[in-house]
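The values are calculated or read from the model by the stated rules, or taken from the named source; none is laboratory data. Given the structure is predicted, the values throughout are model-derived calculations rather than measurements. All Cβ positions, even for glycine, are placed from backbone atoms using ideal geometry, and neighbour counts span all protein chains on display.
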Amino acid sequence: MTSMAPLLVAARGGTPSHTPVWFMRQAGRSLPEYRALRQGTAMLDACMDPEMVCEITMQPVRRHGVDGAILFSDIVVPLKAAGVDLDIVAGTGPVVANPVRTIEDVRKLPELHAEQVQPVADAIGLLLKELPQQVALIGFAGAPFTLASYLVEGGPSKNHERTKALMHGNPELWHALLAKIADVTAAFLHAQLDAGVQAVQLFDSWAGALSERDYREFVLPHSKRVLETITTVPRIHFGVGTGELLPAMREAGADVVGVDWRIPLDVAVQRLEQAAPQLPKPVVQGNLDPALFFAGFDAVEREVRRIHAEGKAAAGHIFNLGHGVLPDTDPEIITRTVELIHSL
């Protein structure tokens, strides 16, 4: 591993040898070799099996030639490892046995200790031996708001009504909950950093459900607390539907701001610059709509060229999707897309 990996150069606002590219959810789902390996193994068990984590993380690197390897994991792994009673239910997602309702529930939430995620650190050790020098290993964690939403709702939610009710109805309890989760998230990321990851991405999957005002009051301080503890590697911050939140998400501590497909990258850069003209020119990541992989390669090529051109407005651009690879995506079109991006 070297600091000359194109993804790390771009993340720091430098000029890489080519536009780096990786895809969220590239490790899994769409790959037949992933489905074969995972058969009969529950998701959370797979995430704590070092050899399996290593192999799944490597699969898209071998197949597609991407510039970033995202550690195979799930956002609820640190909660499960710490001792929270939850499971990932097929067709539903994470389901929490005892949702958080009271301050006593918050007090009962366990802390995370490095030894509880030792299998993840072991997987990183295996990956550092296998990954090509030019491929950056990216650590992974869910942001405090998204984890809190699962804990409060008891599972995935379309409207986040219990989450927002707690946030506005009992702010003291809300902040106590997020402070506790921020500690868990930071501990999980630092276990990965100590093991050798070269960048980290904080996923705030559900933050787009919030107004900017609510994000700033109820979420930003806790994400900032997590990201401020990371000083040695680039920090990528991503959320879905967060076009209105991008400046605030950068304020939380992002070196690289992930952008979904709903706004063009050059517009995102403009918003970031106008919100903080005193800061260096921003670095962005994104933002091909993952559904376009089903439109045929001609459509994908048009969009890739457009996004690549718009990304030049930033100090650095890491090509990615605007969310994760969809399960039925043809792996061949992903490989061709990587080749196209590298050719540009």
>> Which condition from (1) at positive phi; (2) of a type outside the set (Lys, Arg); (3) at pLDDT below 95 is the one that Ile88 breaks?
In response: (1)
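Taking segment 136-160, which residues are in a loop (DSSP other than H, G, I, E, B) and closer than 13 Å to Leu86 by Cβ? Outline the logic, then answer.
Within segment 136-160, the subset in a loop (DSSP other than H, G, I, E, B) is 143, 154-160.
Scanning segment 136-160 gives Gly154, Gly155, Pro156.
Is it the case that Pro6 is touching a Ser or Thr at 6+ places or on another chain (Cβ under 7 Å) and not basic (Lys, Arg)?
Working: touching a Ser or Thr at 6+ places or on another chain (Cβ under 7 Å): yes; not basic (Lys, Arg): yes.
Answer is yes for this residue.
Looking at this structure, is Asp289 farther than 21 Å from Ala5 by Cα, in contact with a helix residue (DSSP H, G or I) (Cβ under 7 Å, 6 or more places away or on another chain) and surrounded by fewer than 22 Cβ atoms within 10 Å (Cβ to Cβ)?
Numbers: farther than 21 Å from Ala5 by Cα: yes; in contact with a helix residue (DSSP H, G or I) (Cβ under 7 Å, 6 or more places away or on another chain): no; surrounded by fewer than 22 Cβ atoms within 10 Å (Cβ to Cβ): yes.
Considered against the rule, which asks whether it is farther than 21 Å from Ala5 by Cα, in contact with a helix residue (DSSP H, G or I) (Cβ under 7 Å, 6 or more places away or on another chain) and surrounded by fewer than 22 Cβ atoms within 10 Å (Cβ to Cβ), Asp289 comes out as no.
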>> Being at negative phi, in contact with a Pro (Cβ under 7 Å, 6 or more places away or on another chain) and either buried (at least 18 other Cβ atoms within 10 Å of the Cβ) or not in a loop (DSSP other than H, G, I, E, B) (or both) is true for just one of Met24, Met48. Which residue is that?
In response: Met48
>> Return the residues of segment 289-333 that are part of a helix (DSSP H, G or I), touching a residue at least 24 places away in the same chain (Cβ under 8 Å) and over 17 Å from Trp261 (Cα atoms); say none if nothing qualifies.
In response: Phe297, Pro331, Ile333
>> Please count how many residues of segment 201-223 are surrounded by 17 or more Cβ atoms within 10 Å (Cβ to Cβ) and closer than 25 Å to Gly68 by Cβ.
In response: 8
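Looking at Glu217, Glu153, Glu212, Glu228, can you tell me which residue is charged (D, E, K, R) and in contact with an Asp or Glu (Cβ under 7 Å, 6 or more places away or on another chain)?
Glu212
Look through Glu153, Glu172, Glu130 and report the one residue that is modelled with pLDDT under 95 and over 20 Å from the mean Cα position of the chain (by Cα). Show your work before the answer.
Working: Glu172 fails: modelled with pLDDT under 95; Glu130 fails: modelled with pLDDT under 95.
Just a single option satisfies the conditions, and that option is Glu153.
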